[in-house]
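Taking it in order: structure first as structure tokens, then the write-up.
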Amino acid sequence: MSWRYGRSLGIDPVPPPKRCSFNCVYCQLGPTKILIQSLDAVENELPDEEQILNDLDEYLRQISIESLDVVTFSGSGEPTANLRLGEMVRTVRKRLPNLPVVLLTNGSFLGNPQVMKNLRELDIVTVKFDAGDDKTHRKINRPCYAFQHSQLARDIQNLRKTTRVTIALEVMLLKLASGISNVSGSPRNSLVSEISKLAPVVDLVQLYTPWRPPVEQEVQPISTAQLKDFASDLNDAFDSDRIWIYGIHDARKQSASWKSHQSLCDDILIMLQRRPCRLKDLVQSLDIPINSLLSLISQLRQSNKITARQYQNELYYFHQNSD
Ligand code: SF4
């Protein structure tokens, strides 16, 4: 699911448990279970295009293709870690030739020639860019190796030179209770400066804040006014139509239409495994009436499969393994 591009069908080239080269403080999937230092180490653990196609066909039996706007490759971790990604995108396109295909990546493997080749198959590549300096990057994204942030900017420039994909930066703006923040002081200045330097090669900047309850309690979102204020700092380098602000440019106005659900309880659990949701998120994403949902939620709570917690005056449901 992606608010940025409308109603999305999600593909997971990296299924649970979470495998990633980062361990971001705000990650909805909780702590990274398997830290990826080298792509060779995970090569044999990840699904191939045939498995992805089987899952996709199962999903397409339940959901109406006409109600989808986009296919998004994200996964339970870093999707570029699956080196069969390019073949997977080609396979998915055969089934869904009219939908744009998007990839969300942390950018840590862009220096790998096979990863770069795979990215040529996408329509839109969205690269995480939360810091303009190594120190802030290590505090927010907590990479598992000596990842140089300056290398990420070079890799994004290289991506531009070698592909025609639309490139977007996804910038998560936040504060931590410890005082670390990328919206104040020198971390903010360096982030604005580094994003601005990429203006000639990047099509879009997406400003985001962790509005769902974070797994790590020290993460604090910023307000819409602060998001707008940050956006105004980018206006020297980017026209306003190249900056999307979460909560303002929300493309997701309606839900995908389901033809049927094989198991509504399983579908709810799968959604909550990916991220905590409110009732309205589940109603919208699963296309089910509120009364049916309430009864299922009650069953799942009684069987201790999900929990609930208030956050910013809203009630969120969690998969019991993620709270
Ligand atoms: S890069 Fe994405 S999946 Fe990996 S830890 Fe960060 S938010 Fe989670």
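Every number in this text was worked out from the coordinates using simple rules, so none of it is lab data. Just so we're clear, the structure is a prediction, and the values are computed from it rather than from any experiment. In this analysis, Cβ positions are derived from the backbone assuming ideal geometry, glycine residues included, and neighbour counts consider all displayed protein chains.
Per-residue packing, averaged as other Cβ atoms within 10 Å, sorts the ranges 130-140, 304-314 into the order 130-140, 304-314, beginning with the highest. For the pair residue 226 and residue 114 in one chain, pulling the backbone fully straight at 0.36 nm per residue adds 36.5 nm over the alpha carbon distance.
May I ask for the net charge around residue 191, where only other residues with Cβ less than 15 Å from the Cβ of residue 191 are counted and Lys, Arg are +1 while Asp, Glu are -1? Don't jump to the answer; show the numbers that get you there.
Numbers: positive: 128, 135, 138, 139, 175, 188, 197; negative: 130, 133, 134, 170, 194, 229, 233, 236.
Cβ neighbours under 15 Å give a net charge of -1.
Under 22 Å of direct C-alpha separation, and excluding same-chain neighbours fewer than eight residues apart, residue 280 reaches these lysines: 253, 259, 305. Computed about its Cα centre, the charge dipole of the chain is approximately 280 debye, with only Lys, Arg, Asp and Glu carrying charge at their Cβ. Relative protection proxy for 173-183, 37-47, from highest mean packing down: 173-183, 37-47 (other beta-carbon atoms within 10 angstrom).
Of all DSSP beta bridges located in region 8-245, what percent are antiparallel, nearest 5? If you can, show how the numbers build up before the last one.
Working: 4 of 31 bridges.
Beta bridges within region 8-245, antiparallel portion: roughly 15 percent.
How high is the relative contact order of region 264-319? Use alpha-carbon pairs under 8 Å, at least six apart in sequence, and give a whole percent. Let's see the in-between values first.
Numbers: 56 pairs, mean separation 23.9, N = 56.
Relative contact order for region 264-319 comes out at 43 percent.
Averaging 1/r across all pairs of distinct Cα atoms in region 184-262 and inverting the result yields a Kirkwood radius of 14.8 Å.
If r is the Cβ-Cβ distance from residue 266 to residue 313 and R0 is 22 Å, what FRET efficiency results, to the nearest 0.05? Write down the numbers at each step before the final one.
On the way: r = 30 Å, r/R0 = 1.35.
Given R0 = 22 Å and the Cβ-Cβ separation, E is 0.15.
Remark on the chain: 20, 144, 265, 277 stand apart, with no other cysteine beta carbon under 4.7 Å.
Residues whose amide H comes within less than 5 Å of that of residue 72, counting only those at least five positions distant or on another chain, are 9, 10, 11, 102 (H built at 1.01 Å from N in the peptide plane). Geometric descriptor of region 8-245, per residue, is 127 Å³ (volume of the convex hull of the Cα atoms). Overall dimensions of region 243-322, expressed as equivalent-ellipsoid semi-axes from the Cα gyration tensor (√(5λ), whole Å, largest first), are 22, 17, 11.
Provide the packing ranking of 86-95, 68-77, i.e. peptides ordered by the mean count of other C-beta atoms within 10 Å per residue, highest first.
On the way: 86-95: 16.9, 68-77: 22.5.
Highest mean packing first, the order is 68-77, 86-95.
Stretching residue 233 away from residue 98 to a fully extended chain increases their span by 45.0 nm, per 0.36 nm per residue minus the current alpha-carbon distance. Cα gyration tensor of region 168-221, axes a ≥ b ≥ c as square roots of the eigenvalues: rounded (a/c below 1.5), prolate (a/b > b/c) or oblate? The shape class here is oblate. Entry for region 82-150 at q = 0.23, 0.25, 0.26, 0.29 Å⁻¹: log10 I(q)/I(0) = -0.99, -1.08, -1.13, -1.29, Debye formula applied to identical alpha-carbon scatterers, no solvent contribution.
Once you list every other residue whose beta carbon is under 13 Å from the beta carbon of residue 314, what net charge do they have if Lys and Arg are +1 and Asp and Glu are -1? Walk me through the intermediate numbers first.
Details: positive: 212, 278, 280, 309; negative: 281.
Residues near residue 314 contribute +3 overall.
Pick out which of 186, 196, 292 has the largest mean-square fluctuation in a Gaussian network model of the chain, springs linking Cα atoms closer than 10 Å. Of 186, 196, 292, the Gaussian network model singles out 292 as fluctuating most. Scanning residues 5 or more positions from residue 21 or on other chains, those with amide H under 5 Å from its amide H are 36, 78, with H placed 1.01 Å from N in the peptide plane. With helices as the sole contributors, the chain gives -10000 deg cm²/dmol at 222 nm; each DSSP H run of n ≥ 4 counts as -39500 (n - 2.57), and the sum is divided by every residue. Less than 25 Å apart at the alpha-carbon level, and either on another chain or at least 8 residues along: which lysines does that give for residue 161? Filter leaves 117, 128, 197.
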